[in-house]
Amino acid sequence: MTFYERYCELCRGKGLKPHSRTTAEKIGISNALVTAWKKGSKPKSVTLEKLSEFFGVSIDYLLNGYESLESNDMVNDDRELTDFLEMMATREECRLLFHVSKDAKKEDVELAARIIEELRSR
């Protein structure tokens, strides 16, 4: 996922239109920056700080799509959680499964898990 795509996803998560002048004003950036990101440019550090604060995510997440595990001692103290976050950061298919199951009913997730286990045993 590109920086621009991540920005659009974060905007949609807040119910905002990524290209809206109103959205840019709320964040404290120019609409021209959004157009530049769409063309592949990356924001400067001052802009990254504004975006990080506005969306409540780290600069690592904005640039790379994942949070830096070194910055969170609570996570580092929980090996299982650390392993999970590493897997989510490095395996696109795991993120896909997580995202499609977020709003699923417990029974549906359990059924999907059984199907995956069956596929793995082949």
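Give me the residue from segment 52-97 that is β-branched (Val, Ile, Thr) and part of a helix (DSSP H, G or I) and, out of that set, modelled with the lowest pLDDT. Step by step, filter segment 52-97, then rank; the result is Val75. Just the residues that are within 15 Å of Leu48 (Cα to Cα) and not in a helix (DSSP H, G or I), please, taken from segment 1-37. Within segment 1-37, Thr2, Gly28, Ile29, Ser30 meet the criteria.
Results for (1) among the charged types (D, E, K, R); (2) within 27 Å of Leu96 (Cα to Cα); (3) touching a residue at least 60 places away in the same chain (Cβ under 8 Å), shown as yes or no for each residue.
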{"residue": "Thr23", "(1), (2), (3)": "no, no, no"}
{"residue": "Ile27", "(1), (2), (3)": "no, no, no"}
{"residue": "Asn31", "(1), (2), (3)": "no, no, no"}
{"residue": "Ala36", "(1), (2), (3)": "no, no, no"}
{"residue": "Lys44", "(1), (2), (3)": "yes, no, no"}
{"residue": "Lys50", "(1), (2), (3)": "yes, no, no"}
{"residue": "Phe55", "(1), (2), (3)": "no, yes, no"}
{"residue": "Ile59", "(1), (2), (3)": "no, yes, no"}
{"residue": "Tyr66", "(1), (2), (3)": "no, yes, no"}
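Are any residues in segment 98-118 part of a loop (DSSP other than H, G, I, E, B) and within 21 Å of the chain's Cα centre (by Cα), and if so, which ones? Scanning segment 98-118 gives Lys102, Asp103, Ala104.
Within segment 18-40, take every residue that is among the basic types (Lys, Arg) and exposed (fewer than 12 other Cβ atoms within 10 Å of the Cβ) and give me the one that is modelled with the lowest pLDDT. By that ranking, first place goes to Arg21.
The values are calculated or read from the model by the stated rules, or taken from the named source; none is laboratory data. In this text, all values refer to a predicted model and were calculated from it rather than measured experimentally. A quick note on method: Cβ atoms are made from the backbone with ideal geometry, for glycine too, and the neighbour counts reach across all protein chains shown.
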